[in-house]
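Working notes, structure below.
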Amino acid sequence: MFALSDCNNFYCSCERIFQPSLNGKPVIVLSNNDGCAIARSEEAKALGIAMGAPAFMIRDIIEKNNVQVFSSNYVLYGDISRRVTEVYRKYAKEIEVYSIDESFLYLFDYPGMNYDSYATEIRNTVKQWIGMPVCIGVASSKTLAKAANKYAKKMTGSKGVFVIDSEEKRKSVLEFLKVGDVWGIGSRYAKWLIGHNITDAWQLSRSNEEWIRQKMGVVGVRLVKELNGISCIDLEEVAPTKKVICTSRSFGTLITQKQELAEAISTFATRCGEKLRKEKICTSAITVFIYSNVFRVKDTQYHGSVTIPFNRPTNYTGDLISYALKGLNAIYKPGINYHKAGIMCLDMVPENAIQETFFAETQRDSDKGRKVTQVLDQINVLMGSDKVRFAAAGYSKQWRLKNEKLSPCYTTNISQIPVVHL
DNA sequence: TCTGGGGTCCTAGGACCC
DNA sequence: TCTGGGGTCCTAGGACCC
């Protein structure tokens, strides 16, 4: 049996662990730049704050109801996520970390196993050890486990656990689940299915396979089989190496000057380098892009992007910055209010399987680069991000993210932990 | 005034190989 | 009247996930 364990309102719950007085109160967490509400406590949802609602459009609701607002703190959430995952490992043969707040568990099975009490124990342990509330769905396929999880969240009150271990239970879960809420059915397919009078997951599970194949391909066929309890999607215990790595940001303020863009681009190249080295891969080409703000309809709109192939794959920050700045040169247009930029790394190869070029000196250069970044990474892990960096990344950072409501990194930065007077 | 940031998979069609 | 059989690679577009 598969279990899907999902943290409740994860980012909000992370903030509440360290401020328990916020329990029972409306809490929201905003996206980067304090733009949109991307996590809402139950109380905030009840006030009508929608997922993705722009902060400036819900200001009234926030002020009237004293909603507690946080900027997103991914360092904190990432660390809490890691701790929750550690608890799961005690309870499962294999686990797949599916996202920052969700994991699939392939459960142990004993003769006479009681999945309901087992899942309840996992839930209680995560709550007691980490302080994180989770809900758990258990079933014979991943798609059904996702469905059971949604049912557990809405229909079981404070129990928070549901096991599909009979046809009656499968039917009641699928009848409860709207077709658009099925894992793998997005807005486009939902619209089409509803147009053909398939409105819930039960009806979808009973639909004709060939008809589904024509419109939705093999993905759709797999999905229907999964709803019928036939497992077609395996657990992915080890995450496959990434095919694309992207670092992009909107700016806290609009940028027009090339020099400022260059600093931002260099900073993104630095982040990409860190990500590549962590995955032990190199990239053979990058795409650099700079965008104006589509919401400012009176501004001249511009989407510039260019892809630059390399002679030799690299994950050395110095290389990435110099290629990225060449890219910027090619696409920069003056007189535009730039709002967002980014770098995408493509065509990955493993770090230890690089095809060398014909010219031997690049080998020597790359050894030097590798040693430099090793030291750089070590210092920055120990002393804090960006303590030592390339000058191209600049110092002013006018464009940096707006995050006015940032909480401390309670679990990863000792010096930020506030003193509590009892 | 103010609107996020990452990813993946599948398919069809064109171009090419022997 | 009749025109083989078996492949790969690449790209763009469309769908999806958190």
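Observations, loosely collected:
Residues checked against (1) surrounded by 17 or more Cβ atoms within 10 Å (Cβ to Cβ); (2) within 16 Å of DNA strand C (Cβ to nearest atom):
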position: A:Phe10; (1), (2): yes, yes
position: A:Leu22; (1), (2): yes, no
position: A:Pro26; (1), (2): yes, no
position: A:Ala44; (1), (2): yes, no
position: A:Ile49; (1), (2): yes, no
position: A:Gln68; (1), (2): yes, no
position: A:Tyr74; (1), (2): no, yes
position: A:Thr85; (1), (2): no, yes
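- Residue within segment A:274-291 that is among the small types (Gly, Ala, Ser) and under 20 Å from A:Trp399 (Cα atoms) present: no
- In segment A:91-117, the residue that is surrounded by the fewest Cβ atoms within 10 Å (Cβ to Cβ) out of those that are farther than 30 Å from A:Asn73 by Cα and aliphatic (A, V, I, L, M) is A:Met113.
- Residues of segment A:177-194 satisfying the condition of being within 16 Å of DNA strand B (Cβ to nearest atom), more than 17 Å from A:Gln214 (Cβ to Cβ) and assigned to a helix (DSSP H, G or I): A:Ser187
- For segment A:390-407, the criterion of a residue being modelled with pLDDT under 85, surrounded by 10 or more Cβ atoms within 10 Å (Cβ to Cβ) and among the hydroxyl-bearing types (Ser, Thr, Tyr) is satisfied by no position.
- Pairs with Cβ under 9 Å, 6+ apart, first in segment A:230-252 and within 24 Å of A:Ser140 (Cβ to Cβ), second more than 14 Å from DNA strand C (Cβ to nearest atom) and acidic (Asp, Glu): A:Leu235/A:Glu94; A:Glu237/A:Glu94
- Odd one out for A:Ser81 among (1) crowded, with 18+ Cβ neighbours inside 10 Å; (2) away from DNA strand C (no atom under 16 Å from the Cβ); (3) among the polar types (S, T, N, Q): (2)
- Candidates A:Leu328, A:Leu320: the one that is touching a residue at least 24 places away in the same chain (Cβ under 8 Å) and under 26 Å from A:Gly384 (Cα atoms) is A:Leu320.
Quick grid of which residues meet (1) closer than 18 Å to A:Ala145 by Cα; (2) more than 16 Å from DNA strand C (Cβ to nearest atom); (3) not aromatic (Phe, Trp, Tyr):
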| residue | (1), (2), (3) |
| --- | --- |
| A:Val161 | yes, yes, yes |
| A:Asp165 | yes, yes, yes |
| A:Lys169 | yes, yes, yes |
| A:Leu174 | yes, no, yes |
| A:Asp181 | yes, no, yes |
| A:Asp200 | yes, no, yes |
| A:Arg213 | no, no, yes |
| A:Gly217 | no, no, yes |
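- Unmet requirement for A:Asn32, which otherwise passes all of (1) more than 16 Å from DNA strand B (Cβ to nearest atom); (2) farther than 22 Å from A:Val134 by Cβ: (1)
- Considering A:Ile61, A:Ile95, A:Ile38, the condition of being farther than 30 Å from A:Lys142 by Cβ and touching a Leu at 6+ places or on another chain (Cβ under 8 Å) is satisfied by A:Ile61 alone.
- Scanning segment A:204-233 for residues that are in contact with a strand residue (DSSP E or B) (Cβ under 9 Å, 6 or more places away or on another chain) and not hydroxyl-bearing (Ser, Thr, Tyr) yields one hit, A:Gly229.
- Within segment A:287-326, the set of residues being part of a strand (DSSP E or B) and of a type in the set (A, V, I, L, M) comprises A:Val288, A:Ile290, A:Val306, A:Ile308.
- Of all the listed residues (A:Ile321, A:Ile336), the sole one being at pLDDT 90 or above and under 26 Å from the mean Cα position of the chain (by Cα) is A:Ile321.
- Scanning segment A:21-34 for residues that are without any contact (Cβ under 8 Å) to a residue 40 or more places away in the chain and farther than 19 Å from A:Lys45 by Cβ yields one hit, A:Ser21.
- Test: residue in segment A:226-241 that is assigned to a helix (DSSP H, G or I) and surrounded by 15 or more Cβ atoms within 10 Å (Cβ to Cβ): yes
- Cβ-Cβ distances below 9 Å connect the following pairs, each with a first residue in segment A:201-219 that is of a type in the set (Phe, Trp, Tyr), a second residue that is not in a helix (DSSP H, G or I), and a separation of six or more residues or different chains: A:Trp202/A:Leu177; A:Trp211/A:His196.
- Across segment A:99-122, the qualifying residues are those that are part of a strand (DSSP E or B) and within 16 Å of DNA strand C (Cβ to nearest atom), and the one among them that is nearest to the chain's Cα centre (by Cα) is A:Ser99.
- Selection count, segment A:51-65, where residues are more than 19 Å from A:Ile100 (Cβ to Cβ) and within 16 Å of DNA strand C (Cβ to nearest atom): 1
- Subset of segment A:213-240 [within 28 Å of A:Arg89 (Cα to Cα), within 12 Å of DNA strand B (Cβ to nearest atom) and either among the small types (Gly, Ala, Ser) or not assigned by TED's automatic domain parsing to the domain that holds A:Ala147 (or both)]: A:Cys232, A:Ile233, A:Asp234, A:Glu236, A:Ala239, A:Pro240
- Flag for A:Ala50 being outside any loop (DSSP other than H, G, I, E, B), within 27 Å of A:Ile136 (Cβ to Cβ) and touching a strand residue (DSSP E or B) at 6+ places or on another chain (Cβ under 9 Å): no
The values are calculated or read from the model by the stated rules, or taken from the named source; none is laboratory data. Here the structure is a predicted model, which means the values were calculated and not measured. Neighbour counts are summed over all protein chains in view; Cβ atoms, including those assigned to glycine, are modelled from backbone coordinates with ideal geometry.
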